[in-house]
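In what follows, a structure is listed as structure tokens, so that the remarks can point back to it.
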Amino acid sequence: AVAVFEAVSEGRSAAGTVAVLATSAAAGIVCGGVAAVGQALMLRRHLAPDGLHGPLTLAAVVGTYVLANEVSAEAGLFAVTVLGVVLANQQLAPVAHIASFGEDVGVLLLGGLFVTLGATVDLGDLRRVLLPSLGLLAVLLVVRWAAVWLATLRSGLSGRERAYLSLIAPRGIVAASVAALFGARLEADGVAGGEVLAPAAFVVVVGSVAFVSLVARPASRRLRVAEAEPRGILLAGDASWLVDAAAVLADHEVPVMVVHLDDDGERTAARGVLTYQGAVEDDDLADAIGGLGIAKAVVATDTEGADSFLVERLSDILGRRHVYRVERSHRAGRATRSRAWGRRAFPAVTLGARRDGGSDGDGAIDPDDPLLRWEIATFDDGTAPAEAVPLFRLRGERAPAVAHDGAPEADGHGAQIVALPRPAGAGYPVRPGAS
């Protein structure tokens, strides 16, 4: 795009355009490569605090772009592309945390880009180029389909996967980012048609996004490439009641996995439930969660430190919305501002609850009390005894709902509830609503 723009605006020959393109590419490779190596060495030698890795990388991107443009006109885009490719594939230092920062910045910049592009479009020009631009969009959809199809030859993808990838091909983000700039410069140089470049690009981008939004889901189902919605449950802890709950979930064909920290997992395996006993910080945990289709996690270990670590680790994988932890008595009622605390699961359950129903336990029960014998059972909706403590609500092909603060414990109709009945005479105060 840059080469064509330079050729049109400055009247260069084809040979001159190729020479400029080669010079820009060489400058971009050198500047981007040097910047990537320097950034990797800085990370490897810990020359900056972890909290500044993202901002420093952003500064390196901006600096590399400016420097490359000073070396050769329009080499900046090439340079920052090389910077990203080299940094992502180097082995000197981990950059996953920077990639997540880049995703957040990308969302912000893309949102601003489309707002800015839309603000530069004149409605009169838009009406004038609407039909020709729609025709151009139709041509581009065919060209993109063919380009992606050819680019994925011998890629190992199936025919259905290649066809689907062709439908959701790139939608012109780069074109949109430079359309307004190129149009303004062409118009300033007196090149005919420069004023309609931004409206035409706007129609093409919006049309491409609308097309993909409409066909993506139906096409994925028709081509049978859509992944099933995750519906599994991960339970983290060594308590026997967690193993029992996992077994009941598995009996209802819910994918379930138990993460043990100290237990050898033999009892869990004997119940036919999958266990994970590897290092929680390894990527193997994320692979296991993705492979099994885990949607939610409940943490209830023996120590608060282990709870906090697991909640934070699982939040990185599943998102904080889908990670719960069982409350502990000394923390009950405290505002959950810490990211590591997670959402409270099973409001009627508190680890270490006091039998007198004091302020620590708040009338809740402790499933780890050695004097109690818990039975995990399943009841149809509305048939559970009054003393039952809801844990999960089964919802057919959807992920089970976790009973938690702020949500009805038995929401919905016809759903089954995995319940934890209280044995009579346990010495705990009756839960509100129980007889």
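The values are calculated or read from the model by the stated rules, or taken from the named source; none is laboratory data. Computed from a predicted model, the values in this text were never measured in an experiment. Note that we place each Cβ from the backbone using ideal geometry, even for glycine, and neighbour counts take in every protein chain shown. To get the accessible areas, we keep the full protein, side chains included, count just its heavy atoms, and leave off ligands, DNA and RNA. Shrake-Rupley method; radii C 1.70, N 1.55, O 1.52, S 1.80 Å.
Within the stretch 280-304, being within 17 Å of the chain's Cα centre (by Cα), of a type outside the set (G, A, S), more than 13 Å from V258 (Cα to Cα) and at pLDDT 85 or above holds for one residue alone: D287.
A count restricted to the stretch 200-232 and to residues that are under 15 Å from R160 (Cα atoms) and either in contact with a Gly (Cβ under 6 Å, 6 or more places away or on another chain) or open to solvent by 50 Å² or more (accessible area, probe 1.4 Å) (or both) stands at 7.
Candidates A295, A300, A306: the one that is open to solvent by less than 40 Å² (accessible area, probe 1.4 Å), closer than 25 Å to A96 by Cβ and touching a Pro at 6+ places or on another chain (Cβ under 9 Å) is A295.
Considering E397, E327, the condition of being modelled with pLDDT of 70 or more and loosely packed, with under 14 Cβ neighbours inside 10 Å is satisfied by E397 alone. If you go through the stretch 83-134 and keep only what is at pLDDT below 80 and assigned to a loop (DSSP other than H, G, I, E, B), you end up with T120, V121, D122. Kindly evaluate A79 against the criterion of being open to solvent by less than 60 Å² (accessible area, probe 1.4 Å) and over 24 Å from the mean Cα position of the chain (by Cα). Considered against the rule, which asks whether it is open to solvent by less than 60 Å² (accessible area, probe 1.4 Å) and over 24 Å from the mean Cα position of the chain (by Cα), A79 comes out as yes. Across the stretch 38-57, the number of residues qualifying as farther than 18 Å from N89 by Cα and part of a helix (DSSP H, G or I) comes to 5.
Within the stretch 220-244, the residues that satisfy the criterion of being under 22 Å from the mean Cα position of the chain (by Cα) and of a type in the set (A, V, I, L, M) are V225, A226, A228, I233, L234, L235, A236.
Among the residues making up the stretch 312-323, a single one is β-branched (V, I, T) and either at pLDDT 90 or above or not in a helix (DSSP H, G or I) (or both): V323.
The residues of the stretch 118-169 that are β-branched (V, I, T) and either touching a His at 6+ places or on another chain (Cβ under 7 Å) or open to solvent by 40 Å² or more (accessible area, probe 1.4 Å) (or both), listed by number, are T120, V139, V142, V143, I168. Counting only residues that are open to solvent by 30 Å² or more (accessible area, probe 1.4 Å) and over 15 Å from the mean Cα position of the chain (by Cα), the stretch 96-117 holds 9 of them.
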